[in-house]
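The values are calculated or read from the model by the stated rules, or taken from the named source; none is laboratory data. Remember, it's a predicted structure, so these values are computed and weren't measured experimentally. Every residue, glycine as well, gets a Cβ built from its backbone with ideal geometry; the counts of neighbours run over all protein chains shown.
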Amino acid sequence: MSAEGNSAVGEHGVSKRAKAANRKAAKPESRLAMVRRARKINRELAEVFPYAHPELDFRNPFELLVATVLSAQTTDLRVNQTTPALFAKYPTPEDLAAAVPEEVEELIRPTGFFRAKTKSIMGLAAALRDDFGGEVPGRLDDLVKLPGVGRKTAFVVLGNAFGVPGITVDTHFMRLVRRWKWTEQEDPVKIEAEIAEIFPKSEWTMLSHRVIFHGRRICHARKPACGACPITHLCPSYGEGETDPEKAKKLLKYEMGGFPGQRLDPPPGYPGRPAPPLGASG
Ligand code: SF4
């Protein structure tokens, strides 16, 4: 979807809707009203981002698991630019477990913290080989025992490679759910538990993708593009960012701003351009 496609904003006028949201925010909101508003945000985001998806490229659970571990402290784009060469050389856990560490370090260097990450991914490849017959297990309890794999990584893998519903509490998710007053918690595990109470399980995985898409494209950490946001009428934090529609439009990222996305190999239906390979301009 292009920035222009995001026309819900101009249609009714941001300021009118924002005033309504602010009026509502003046009175304390009941739990029931908050849950209804949260579910409405989820429905509206589903219309804005019908193509929301994990932004790591992967072809099987092993690739997703490794890519997710590599994504710590860097962008999905950088991981996607790095993993093709890694998986070309080490396509299976057995291959990666038997690799020469220095060679792996060289390949994943662009993702940062490459020595620690090499230890993690080689350690988890060895654990997959030795304890799980070379397959990624599809259970939370097993996944979190693998080196370098926490609950967040486990949920990404379960939700996207095994179809098990899960909530991914990353930095975007944490910021947005607090801006929307869905929770006041700061701890990811507590946030996850509170959000799980608001939405049916069947929504968890896609809700996570939609919220993260919104956080990456529109509701940024430092300067949210409030003036170009399609859910201002549901947001108690409208005005935290740029409210001028023209200026806000310029803050939009990826396909919303007319730029390439993060995946070199985006799924069918993605309306933007694929990301360029490592070293290419674009
Ligand atoms: S961009 Fe602004 S209006 Fe939209 S969700 Fe974020 S804080 Fe709320």
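A compact table of results
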read-out: E255 vs. criteria more than 9 Å from the ligand (Cβ to nearest atom) and within 26 Å of P110 (Cα to Cα); value: yes
read-out: Test set (1) surrounded by fewer than 20 Cβ atoms within 10 Å (Cβ to Cβ); (2) more than 9 Å from the ligand (Cβ to nearest atom); (3) in contact (Cβ under 8 Å) with a residue 40 or more places away in the chain - P236 fails condition number; value: (2)
read-out: Hits in segment 193-211 (condition: touching a residue at least 40 places away in the same chain (Cβ under 8 Å) and either within 13 Å of the ligand (Cβ to nearest atom) or assigned to a loop (DSSP other than H, G, I, E, B) (or both)); value: F199, R210, V211
read-out: Yes/no for K181 being touching a Pro at 6+ places or on another chain (Cβ under 9 Å) and either near the ligand (Cβ under 10 Å from one of its atoms) or of a type outside the set (A, V, I, L, M) (or both); value: yes
read-out: Criterion (modelled with pLDDT under 95 and either assigned to a loop (DSSP other than H, G, I, E, B) or touching a Phe, Trp or Tyr at 6+ places or on another chain (Cβ under 9 Å) (or both)) met by exactly one of A52, A72; value: A72
read-out: E242 on the phi < 0 side of the Ramachandran plot, away from the ligand (no atom under 12 Å from the Cβ) and either touching a Lys or Arg at 6+ places or on another chain (Cβ under 8 Å) or of a type outside the set (A, V, I, L, M, F, W, C) (or both); value: no
read-out: Number of positions in segment 159-196 that are small (G, A, S) and under 18 Å from A52 (Cβ atoms); value: 4
read-out: Residue list for segment 212-232, filter: near the ligand (Cβ under 9 Å from one of its atoms) and either modelled with pLDDT under 95 or part of a helix (DSSP H, G or I) (or both); value: H214, G215, C226, G227, A228, T232
read-out: Residues satisfying the stated conditions in segment 239-270, i.e. more than 21 Å from F58 (Cβ to Cβ) and touching a residue at least 40 places away in the same chain (Cβ under 8 Å); value: G239, E240, T243, P245, K249, L252, M256, G257, G258
read-out: The listed residue being in a loop (DSSP other than H, G, I, E, B), at pLDDT 95 or above and either out of contact with any Phe, Trp or Tyr (no Cβ under 9 Å at 6 or more places or on another chain) or surrounded by fewer than 19 Cβ atoms within 10 Å (Cβ to Cβ) (or both), out of K190, K181; value: K181
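Table: residues versus (1) over 27 Å from K201 (Cβ atoms); (2) in contact (Cβ under 8 Å) with a residue 40 or more places away in the chain; (3) surrounded by 21 or more Cβ atoms within 10 Å (Cβ to Cβ).
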residue: E106; (1), (2), (3): yes, no, no
residue: F113; (1), (2), (3): yes, yes, no
residue: K145; (1), (2), (3): no, no, no
residue: V156; (1), (2), (3): no, yes, yes
